[in-house]
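Please read through the structure below; I'll follow up with questions.
The values are calculated or read from the model by the stated rules, or taken from the named source; none is laboratory data. It should be emphasised that the depicted structure is a prediction, and the values quoted were computed from it without experimental measurement. Cβ placement follows ideal geometry from the backbone for every residue including glycine, while neighbour counts extend to all protein chains displayed. The area values use the complete protein model at the heavy-atom level, side chains included, leaving out ligands, DNA and RNA. Shrake-Rupley method; radii C 1.70, N 1.55, O 1.52, S 1.80 Å.
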Amino acid sequence: MYHTHNIPSFQPSSIEFQRKILQRSGLGDDTALPASHHVIPFRPTMAASRAESELVIFSMLDSLFEKTRLRPKAIDILVVNCSLFSPTPSLTAMIVNKYKMRSDIRSYNLGGMGCSAGLISIDLAAAQLHAHKNSTALVVTTEIITEHWYTGNNRSMLLANCLFRMGGAAILLSNKRSDSGRAKYELVHVVRTNHAANDEAYRCVYQEEDGEGNIGVSLSKNLTAIAGAALKENITTIAPLVLPLSELLRWALGYIMKKRYMPDFRKAFEHFCIHAGGRAVIEELSKKLKLTEEQVEPSRMTLHRFGNTSSSSPWYELSYVEAKGRMKKGDRVWQIGLGSGFKCNSTVWKCKRAVNMGGDNPWADCIEKYPVKVQEH
């Protein structure tokens with residue numbers, strides 16, 4: 001808020017609006033913004049965006065390679081997603097250059113696909129693994145926000161300033177038999193729903209210029225309702241794949257009788273990782289899915305500790321469950337990603353072994369403080 005007060009283009013009403021949103025957002029005081037956002041006057045640059053990319057991506061890849069004892073040259077497939085920052089050369093090229101990966105690596109760089117792109121990256125990596133036997137895939141999911149701090153006075157665009165924060169995750173996937181014994185999870189299903197054909201859904205998260213030429217991401221007032229509609233269709237697809245027969249029969253009967261029945265997905269999953277897009281989105285989805293406070297806890301606490309880290313938030317939530325010692329062998333996990341387009345994407349994982357928190361878990365230095373009670377001011 002101190003820096004917001006020192007951006008001269010903000011009107012007093014815009015400063016007050018951001019203050020109120022921050023107080024009600026569910027974010028705590030430990031979320032991270034890039035270095036450029038701590039400098040007065042605020043002057044974001046391409047060089048600063050590259051520096052943020054290197055800080056986030058290289059630190060988590062260093063951790064991954066150390067943890068797995070895998071050489072970078074062993075990676076066969078590389079998938080990177082980042083919506084707003086798309087430099088040339090690409091972020092995938094930046095990674096290949098840094099770690100001197102092989103010249104025949106299959107690399108993919110996804111841009112503009114929003115907060116659900118992390119699960120799209122998993123789908124792409126899985127498809128590549130189906131096509132190429134005895135391979136290892138690396139997925140890097142992040143959002144680089146240095147140049148995307150909105151400095152105008154359009155309230156629908158100011159919301160993004162209050163919610164989005166630094167973050168990222170790196171995920172290693174393999175179809176090698178030799179890796180089966182040490183893998184933490186098995187990917188069971190990926191279900192994708194895309195409502196971009198609907199004009200209202202297409203425009204509900206939209207990057208554009210305001211009347212004064214300031215670029216920002218506009219968040220529609222109908223975002224929560226649109227997210228709910230996308231989730232409903234995603235549920236229709238995923239339900240037959242995961243629900244026990246008793247719940248499927250109730251669901252089918254409700255459809256025939258034209259009575260709404262929301263299946264009890266708590267009978268299909270032990271853990272839920274709902275994208276921490278914002279307080280209202282978490283509330284809406286947890287209500288629709290009839291989740292308990294403990295089941296929605298990973299999403300609420302991720303929003304509090306890290307903010308909306310875009311496409312990587314389901315991985316912070318999964319790490320929260322691990323850090324709490326709740327992940328047991330055989331447990332099933334449902335990750336739900338929501339993002340621009342509008343899209344709702346799901347992944348289903350099955351835990352292959354009990355998972356204990358390691359030193360590289362992002363919650364390692366603070367898990368004993370959580371859960372905390374998040375108050376609305």
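Setting aside same-chain residues fewer than 8 positions from K290, which lysines have a Cα under 21 Å from its Cα?
K232, K258, K259, K267, K373
Which order do S83, S178 take when ranked by solvent-accessible area (1.4 Å probe, heavy atoms of all protein chains), largest first?
Order by accessible area, largest first: S178, S83.
Taking each pair of distinct Cα atoms in the range 73-153 once, what is the resulting Kirkwood hydrodynamic radius in Å?
Values: mean 1/r = 0.0741 Å⁻¹.
Computed over Cα pairs of the range 73-153, the Kirkwood hydrodynamic radius comes out at 13.5 Å.
While we're looking at this one, here's another question. For the range 170-302, list log₁₀ I(q)/I(0) at each q in 0.09, 0.21 Å⁻¹, using the Debye formula over Cα point scatterers of equal strength and ignoring solvent, two decimals each.
-0.39, -1.34
I've got another one for you. Which value in deg cm²/dmol, rounded to the nearest 500, describes the helix-derived mean residue ellipticity at 222 nm for the chain, given -39,500 (n - 2.57) per DSSP H run of n ≥ 4 and division by the residue count?
-12000 deg cm²/dmol
Heavy-atom accessible area of D29 with all protein chains present, probe 1.4 Å, nearest 10 Å²?
Probe radius 1.4 Å; accessible area of D29 about 150 Å².
Moving on to the next point. Listed here are the pairs K184/K288; K73/K133; K288/K350; K221/K287; which of them are more than 25 Å apart at the Cα?
In this structure, K184/K288 lie more than 25 Å apart at Cα.
Here's a follow-up. For the chain, give me the percentage of DSSP beta bridges that are antiparallel, rounded to the nearest 5 percent. It would help to have the intermediate numbers written out before the result.
Values: 29 of 44 bridges.
Bridges in the chain that DSSP calls antiparallel: roughly 65 percent.
Among residues other than K133 whose Cβ falls under 14 Å from its Cβ, what is the net charge (Lys/Arg +1, Asp/Glu -1)?
+1
While we're here: Working with all protein chains in place, sort L243, L84 by solvent-accessible area computed with a 1.4 Å probe, largest first.
Final ranking, largest accessible area leading: L84, L243.
On the first, second and third principal axes, largest extent first, how far apart are the outermost C-alpha atoms of the chain in Å?
Sorted largest first, the three principal extents are 58, 57, 44 Å.
Run the numbers on the chain and let me know its relative contact order in percent, using alpha-carbon pairs under 8 Å that are six or more apart.
It rounds to 22 percent for the chain.
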